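Single-structure report; data block below.
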Amino acid sequence: DNCNEWDIDYVDLPVSGGCQGRILRTYTATDICGNTSEWEQLITLTDEVAPSVEEVSDFTVECGDEYEVPSPYFWDNCDSQLAIVASSSVAVDGCITYETYVWTATDNCGNSTTSDVVVTIIDTTAPYFTFVPTSQEVSCDEEYSAGQATAADVCDESVTVTVSQSIQPGSCPQSYTVVYNWTATDDCGNTATAVSYVYIYDNVAPVFTSNPEDLYWECYSEIVPVQVSATDNCGEVSIESDVVELQSDECGNGVWEVIYYANDGCGNVSSISYYVNIYDETAPVLSETPADLVIDCDDEIPAAPEVTGTDNCGGEVEMTYVETFIGDVPAPGAAPECDLITPSISDAGNCVAAYNNTSWAMWLGSMPTMYKYYVVVDGSFEEFADGTAHLQVTLANANNSEAGFVADVWFEGGYTWAEWDNQPFPTSFKADCGGVDANYQDWTYYLMSNGTLTGWGDYEGSFITLTHAPSNHYFGYQVGLGANNLTSGYGSGGWFEYSGTFLVNGEPVFSGSTVGGAGDFAFEHDCCPDYYVVRTWCATDCTGNTTCWTQEITFADLDGDNGNGGVAPGEEAQTPVVEGDFDFVTVKPNPARDITSISFTSKVTNTLTMEVYDASGRRIAELFRGNVQPDVVYSVNYDTNVLEDGIYTIRLFSLSEQKATRLMVTK
């Protein structure tokens, strides 16, 4: 510049022309005063350098794997946009596949560069199984199929599958494992294996072809198992037996189990059993069975015979003997207690007319006929060693059984004839009414010390006192054969004076409040023992089976003296009446465990009582008391649970007779 400093700038402007074009460069010079000048320059561009490339390495992949081929990176020194052409080719060599990828980059000036990548595809992967048969468990007696395995490959369309089979022994011949080894092979020789199993088992126990029944024996003997057989679904069977004692006692009784075991060799065992029950239920047999006896009132009880027993099983037999006295047994040396009976008018001699042809045991003089005569309902006369005697008797009006008195009289003295005849006052005996006086020297004589009559029934409320008559004691109360002054049998009788209140249905008999006069007692005595003897022999075997036999010894007036010695004058010995008007029908069950039923009947209208006595003669129960009608069977149930094991006596009796039977209780 002519004056100042200057600056030069330029601007390039591309313009067409050539393979790379041209540049129009404009230069501008400017001084500090803003004065400018320009110059243009044309630059032609040329390109003889091929594009550059960043190569991609070759690589190998497994058949079936997914992969991406990266493209090489091209750039050029001049062009920012290159023309790139890609191509590929495939070559197969056996089990290897080569895929070649080629890229060519060309710039605007026709300069080009080529790059390729080779992908090698190999097959080293084994096939895979699409199905392998499931392992099975099969019984040894069942058919089975192993199935077929299938396989596939990622490269091959078809895969060859082969199988081999082997056996693995088990714990027994019928239990083992079949092993199936499967092999899948592709075209390149790659293989895969799989295994499936069939387990053969034997879990079925043998089956017995028979089942023995239980045995029941009375006596013990050796137990030998019976023969049995069994079959198995797969193999042979072995059978063993065992005899097991479940329970037993010292008598050989018990229960044994015979057990059979059937084994098939694989541990499967079945068993059956039967029982041998040994129990001796047969009671011993007695050597003899003494018959019942009826002996005279005065006879001594005969000695007991020896009874033995034998048992069906041959063991020892225990014998027991029990003698039981049932009833009112007097103390040793004591005088018998006599039951009182109304004398019969057939023996009353010349007194029959005087007493209005009426049988009586008590007579009340001064009373009207309808209140004068009384008969015995029940009563006793008991003599004691101290010379006293006691009269207790229930009397009924001879014409009205619903009315009467209870007489309670005590006597003293108990004199023999010699003692009575030597009293300091005059004495004699009374036999003026047909009485038999031949035995007066054998009679016993008493004085009445006190006595009463107490009314019952229609006479309820009556009370009469008694005193001895005659008052001078000339006659005593006489006891002996013919002593009752009416009959020839053994009896007692005597006069008395009576005084007191006599009411009939609550009203006095007479207008006055008291009655009085002379009276008379006249009784026949039954001094036959009021007890009977039961003898029981029992044979018991080791098991407790018991056979018992009972003999009953009863008393009867065989010689007619009512149990006071000697035959009464003019009387012959009589055969006792064994059968009565009532009896037992059945006692069952007998022996009894929990309960027994006792049935009985009567041929006449009767009043009966049934009682039970133990072996000691003690009364333990009353089962029946009441009136019975003829030809009707009555039954009583008795709960024997309350009783101990043993022999018991059941007594059935009326006012004048009794029957007895035995009951055995076993628990």
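Residues in segment 144-236 average 60 Å² of solvent-accessible surface per residue, probe 1.4 Å, ligands and nucleic acids excluded.
Loop-resident trypsin sites (Lys or Arg not before Pro) (DSSP state other than H, G, I, E or B) in segment 616-654 with no more than 13 further Cβ atoms inside 10 Å of their Cβ: 618.
Take segment 249-312 with all the other protein chains still there, run a 1.4 Å probe, and you get 49 Å² of accessible area per residue. Can you bin segment 447-495 into rounded, prolate or oblate? Criterion: square roots of the alpha carbon gyration tensor eigenvalues sorted a ≥ b ≥ c, rounded for a/c under 1.5, prolate for a/b above b/c, oblate for the rest. It comes out oblate by the Cα gyration axes. Spin-label model, residue 594/residue 231: points 7 Å from Cα along the beta carbon direction are separated by 4.7 nm.
For all pairs of alpha-carbon atoms in segment 113-228, what percent lies in each bin of width 10 Å, listed from the first bin to the last filled one? Once binned at 10 Å, the Cα pair distances of segment 113-228 give 11, 24, 17, 14, 11, 8, 7, 4, 2, 1, 1, 0, 0. Between residue 619 and residue 366, residue separation times 0.36 nm minus the direct Cα-Cα distance comes to 86.6 nm. Per the Debye formula with a single identical scatterer at each Cα and no solvent contribution, what log10 I(q)/I(0) holds for segment 216-336 at q = 0.10, 0.11 Å⁻¹? Listed by q, the Debye log ratios stand at -0.60, -0.65. Restriction of the GluC sites (Glu not before Pro) in segment 438-536 to DSSP coil positions whose beta-carbon has at most 13 other beta-carbons within 10 angstrom yields 460. Each of 368, 82, 196 was placed along the dipole of the chain (beta-carbon charges, centred on the mean Cα), and the one lying farthest toward the positive end is 368.
Between the residues 312, 148, 424, the greatest Cα displacement towards the positive end of the dipole of the chain, with unit charges on the Cβ of Lys, Arg, Asp and Glu, is found for 424. Across every direction, the projection of the convex hull enclosing the Cα atoms of segment 34-89 has a mean area of 8.3 nm².
Using the Cβ atoms and a cut-off under 12 Å, what net charge is assigned to the surroundings of residue 47, where Lys and Arg are +1 and Asp and Glu are -1? Present the calculation step by step, with values, prior to reporting the outcome.
Values: positive: none; negative: 48, 76, 79, 107.
With Lys, Arg at +1 and Asp, Glu at -1, the neighbours total -4.
Along the positive direction of the dipole of the chain (beta-carbon charges: Lys, Arg +1; Asp, Glu -1; about the Cα centre), which of 237, 110, 259 reaches farthest? Result: 259.
Straightening the chain between residue 289 and residue 112 buys 48.7 nm, computed as 0.36 nm per residue apart minus the Cα-Cα spacing. Recomputing Cα Rg over 2.2 N^0.38 Å from the coordinates shown identifies the correct label among (i) 2.68; (ii) 1.08; (iii) 1.23 as (i). The mean sequence separation of alpha-carbon pairs under 8 Å and at least six residues apart, normalised by the residue count of the chain, gives a relative contact order of 8 percent. Ellipticity at 222 nm from helices only: DSSP H runs of n ≥ 4 in the chain, each -39500 (n - 2.57), divided by the residue count, give 0 deg cm²/dmol.
Once you keep just the Cα pairs under 8 angstrom separated by 6 or more residues, what percentage relative contact order results for segment 249-334?
On the way: 72 pairs, mean separation 18.6, N = 86.
Across segment 249-334, relative contact order equals 22 percent.
Shown for segment 468-550 is the translational diffusion coefficient from the Stokes-Einstein equation, using the Kirkwood radius over Cα pairs, a temperature of 37 °C and a viscosity of 0.692 mPa s: 186 µm²/s.
Placing +1 on the Cβ of every Lys and Arg and -1 on the Cβ of every Asp and Glu, with no other charges, gives the chain a dipole of roughly 4800 debye about its Cα centre.
For segment 578-667, calculate the relative contact order in percent as a whole number, restricting contacts to Cα pairs under 8 Å that are 6 or more residues apart. Provide the component values of the computation, followed by the final result.
Numbers: 219 pairs, mean separation 29.5, N = 90.
Answer for segment 578-667 is 33 percent.
Two numbers describe the Cα atoms of segment 1-146: Rg and Dmax, which are 34.0, 129 Å. In the calculated pair-distance distribution of segment 408-519, the portion above 25 angstrom amounts to 31 percent of the Cα-Cα pairs.
For segment 77-123, with every protein chain kept in place, what is the accessible area per residue (1.4 Å probe, Å²)?
For segment 77-123, the solvent-accessible area averages 55 Å² per residue.
First select every other residue whose beta carbon is under 14 angstrom from the beta carbon of residue 535; then total the charges, Lys and Arg +1, Asp and Glu -1.
On the way: positive: 662; negative: 288, 292, 306, 323, 552.
That works out to -4.
Just the number, please: carbon plus sulfur as a percent of the accessible area of the chain, 1.4 Å probe, no ligands or DNA/RNA counted. All intermediate terms of the calculation are to be shown ahead of the outcome.
On the way: 16950 of 35330 Å².
Within the chain, the accessible surface is 48 percent carbon and sulfur.
Candidate cross-link partners of residue 430 among the lysines, defined by an alpha-carbon separation under 24 Å and a same-chain spacing of 8 or more, comprise 372. Multiplying the residue separation of residue 215 and residue 421 by 0.36 nm and removing their Cα-Cα distance gives an extension gain of 65.6 nm.
The values are calculated or read from the model by the stated rules, or taken from the named source; none is laboratory data. What you are looking at is a predicted structure, and each value in this text was computed from that prediction instead of being measured. In this analysis, Cβ positions are derived from the backbone assuming ideal geometry, glycine residues included, and neighbour counts consider all displayed protein chains. Side chains included, ligands, DNA and RNA excluded: accessible areas come from the protein's heavy atoms. Shrake-Rupley method; radii C 1.70, N 1.55, O 1.52, S 1.80 Å.
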